[in-house]
Amino acid sequence: MKQRIESVDLLRGFTIAAMILVNTPGDWGQVYTPLLHADWHGLTPTDLIFPLFLFIVGISIYYAYKHKKGSLPVYKKIAVRSLKLIILGLFLNVFTPIPPFFETLESVRIPGVLQRIGIVFFITAWLYLNCNWKLLLGISITILLGYWLFLGFMPFPDGTLPTFNRAPNNWSNYIDLKILGQHMWKPDYDPEGILGTFPAIVTSILGVLVGRFLDSEMSYKAIKLGAIGLVAVLLGYVWHLVFPINKALWSSSFVLVTAGMGTIILGLMYYIVDVKGWHLGAVFKYAGMNAITVYFLSSLISKSFYKIPVGNNENLHSWLYHNVFVSESMSLKLTSLVYALTVVLCYLGLGYYLYRKNIFIKV
């Protein structure tokens, strides 16, 4: 089988485009519900995006290291790449485009999307190089069950029982508050917090296992991927009855449902692109080939637009949105979406430009 699976690049690029779409509305107060995260328990299309990317990271790990052995040079490359991702994530948190060019370090956020990707990549790659598929599956089951039992049944030091609600009676939030303190996204929790990284690793491991399946000589892989994904989704929704689907906690049920949906989507794309040869959505594939670069630039520029002042009471983002996009002919929610779609098109164009210039930036 060819080394590169086109559907994986396509899905990666589509996921990056979706990330940018939900992160850059024209007005956060005017956003369609599917483009927002669930308030706490539950699942929206937006909640599917980040776990889908970590799932693809796992698939990429399989193809990148399937012919490699765990040696010092390999581990060094993995560590360096992980460290780059973490540093880029921290840079996004501390950078501001106006003097003094750094956020207040006393309360700057430490976790983040790129930080979690870096940590998950490092641990998943190490596990893949040292474990067979049966052991990887066993580790995944152990983490998901252990995470549920710990968050749901381990008493706090004062003897009170935990819940899956927001702080203070929640182990994930409790540990983040103890260790991270003010360095969190919100005062009472961080969606990329410490404990949630463990089940996030399972999301990536499941991607490794799906990558292994894609690389096999098995027939009817697209149909079987759909069936495997459906089983995972059903199991996740059954688990939801006792351990709610929750992105902020990255609950075990959330892992199964999102990985299952990712497997179904990948199976469909694999059938369309790799089996039937219908080259649809190539513009997403180009962005997927420089996924981290596109995401990093979109986050950096978006933050800068919010920070650069224009006039007395506006920033560059607000000025651009209200003076170029807002009109009486469209509702505010539609206008906000059009702004986001315009931003997405700009970065898809960037991905295409990098592809045409044969520029592939390895992070």
Looking at segment 343-363, which of its residues are open to solvent by less than 50 Å² (accessible area, probe 1.4 Å) and not aliphatic (A, V, I, L, M)?
-> Tyr347, Gly349, Gly351
Residues that are over 16 Å from the mean Cα position of the chain (by Cα), of a type outside the set (Ser, Thr, Tyr) and not in a loop (DSSP other than H, G, I, E, B), drawn from segment 267-296 = Gly267, Leu268, Met269, Ile272, Val273, Asp274, Val275, Ala282, Val283, Phe284, Lys285
Could you check how many residues of segment 324-357 are of a type outside the set (Lys, Arg), under 16 Å from Tyr32 (Cα atoms) and assigned to a helix (DSSP H, G or I)?
-> 9
Considering segment 210-246, residues that are part of a helix (DSSP H, G or I) and touching a Phe, Trp or Tyr at 6+ places or on another chain (Cβ under 6 Å), and then whichever is nearest to Gly267 (Cα to Cα), we arrive at Ala222
When both residues are 6+ apart or on different chains and their Cβ atoms are under 8 Å apart, which pairs have a first residue that lies in segment 318-342 and is over 16 Å from Ser302 (Cα atoms), and a second that is among the hydrophobic types (A, V, I, L, M, F, W, C) and in a loop (DSSP other than H, G, I, E, B)?
-> Leu332/Val326; Lys333/Val31; Thr335/Val326
Enumerate the pairs (first residue in segment 256-272 and farther than 26 Å from Leu145 by Cα; second residue anywhere and open to solvent by 10 Å² or more (accessible area, probe 1.4 Å)) with beta-carbon separation below 6 Å, excluding pairs fewer than 6 apart on the same chain, so at least 6 apart or on different chains.
-> Gly267/Ala222; Gly267/Gly226; Met269/Leu10; Tyr270/Ala222; Tyr271/Ala222; Ile272/Trp278
Might you let me know whether segment 124-139 holds any residue that is within 16 Å of the chain's Cα centre (by Cα), surrounded by 16 or more Cβ atoms within 10 Å (Cβ to Cβ) and at pLDDT 95 or above?
-> yes
Name the residues in segment 30-44 that are free of Cβ contacts under 8 Å to residues at least 12 places away in the same chain, in a loop (DSSP other than H, G, I, E, B) and open to solvent by 60 Å² or more (accessible area, probe 1.4 Å), would you?
-> Asp39
So which helices (runs of 4 or more DSSP H) stay within segment 69-159 end to end and still have 3 or more residues that are of a type in the set (Lys, Arg)?
-> 72-94
Does Ile194 meet the test of being open to solvent by 20 Å² or more (accessible area, probe 1.4 Å) and either charged (D, E, K, R) or under 21 Å from the mean Cα position of the chain (by Cα) (or both)?
-> yes
Selection status of Gly13, open to solvent by less than 10 Å² (accessible area, probe 1.4 Å), in contact with a helix residue (DSSP H, G or I) (Cβ under 9 Å, 6 or more places away or on another chain) and modelled with pLDDT under 95 = yes
Answer yes if at least one residue in segment 247-265 is in a helix (DSSP H, G or I), at pLDDT below 95 and touching a Ser or Thr at 6+ places or on another chain (Cβ under 9 Å), and no otherwise.
-> no
Somewhere in segment 294-317, is a residue within 16 Å of Leu10 (Cα to Cα), at pLDDT 90 or above, open to solvent by less than 30 Å² (accessible area, probe 1.4 Å) and hydroxyl-bearing (Ser, Thr, Tyr)?
-> yes
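The values are calculated or read from the model by the stated rules, or taken from the named source; none is laboratory data. All of these numbers come straight from a predicted model, not from anything done at the bench. Neighbour counts are summed over all protein chains in view; Cβ atoms, including those assigned to glycine, are modelled from backbone coordinates with ideal geometry. Side chains are part of the model used for accessible areas, which takes the heavy atoms of the whole protein and leaves out ligands, DNA and RNA. Shrake-Rupley method; radii C 1.70, N 1.55, O 1.52, S 1.80 Å.
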